[in-house]
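Enquirer: Let me begin by handing over the structure; questions about it come next.
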Amino acid sequence: MSIVLVALVNRHGELLLRMRDEQSAVRANRWSLIGGACGSGESPKQAAIRLTREQTGLAPDPAGLRLAWRGSIPDPLVQTFLYAARIPAATADITTDAIPGALARRGEYVVQFVPGPEVQSGRAFSPASGFVVGPFLDSRLYRELAEGLDLDELA
């Protein structure tokens, strides 16, 4: 089995996170990146696009979706693909359930863009997202996406 995680970064350098609610049978009250399992016959990139649409209603540009990391995540040992893209969106652009005064929710998830420096402050992450989010935020790719620059062109 392979899983895919998707790091969506907006023009403010905010990272899109989701949190399962307290009724979830799987990883309740844990934050994570967009993600899930690859479907049968589906490439990791195709899964990244599908999962992003299903979980957020946003449609990342396939050409802008970049493989940021690939490897095995321990406990349980699973092949994982992290894709990243810059997206012209904010929390308000995510189609959510109409519950006045509530946090932005899409089904069983709270979804929101979080400023980069605040992503790891006080949040409990799912194991896979917790394994990759710190290194991603420290990466050149995150800085490139957050600043809207192509650092290879500037070199």
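Enquirer: I need a count of the residues in the stretch 31-65 that are surrounded by 14 or more Cβ atoms within 10 Å (Cβ to Cβ) and either in contact (Cβ under 8 Å) with a residue 24 or more places away in the chain or touching a Ser or Thr at 6+ places or on another chain (Cβ under 9 Å) (or both).
Expert: Total satisfying the criteria: 19.
Enquirer: Of all residues in the stretch 105-155, which are within 16 Å of the chain's Cα centre (by Cα), modelled with pLDDT of 80 or more and hydroxyl-bearing (Ser, Thr, Tyr)?
Expert: Once the filter is applied, which keeps residues that are within 16 Å of the chain's Cα centre (by Cα), modelled with pLDDT of 80 or more and hydroxyl-bearing (Ser, Thr, Tyr), the stretch 105-155 yields SER126, SER129, SER139, TYR142.
Enquirer: Quickly run through the stretch 38-65 and pick out the residues that are under 22 Å from PHE131 (Cβ atoms), at pLDDT below 95 and small (Gly, Ala, Ser).
Expert: Hits for the stretch 38-65: nothing passes.
Enquirer: Here are ALA28, ALA84, ALA92, ALA68: which of them is surrounded by fewer than 19 Cβ atoms within 10 Å (Cβ to Cβ) and either farther than 24 Å from GLY134 by Cα or at pLDDT 95 or above (or both)?
Expert: Only one candidate qualifies: ALA92.
Enquirer: Could you look through the stretch 75-93, keep only residues that are assigned to a loop (DSSP other than H, G, I, E, B) and in contact (Cβ under 8 Å) with a residue 40 or more places away in the chain, and pick out the one that is nearest to GLU144 (Cα to Cα)?
Expert: Restricting to residues being assigned to a loop (DSSP other than H, G, I, E, B) and in contact (Cβ under 8 Å) with a residue 40 or more places away in the chain, the top hit is ILE87.
The values are calculated or read from the model by the stated rules, or taken from the named source; none is laboratory data. For clarity, every value in this text was computed on a predicted model and none was experimentally measured. All Cβ positions, even for glycine, are placed from backbone atoms using ideal geometry, and neighbour counts span all protein chains on display.
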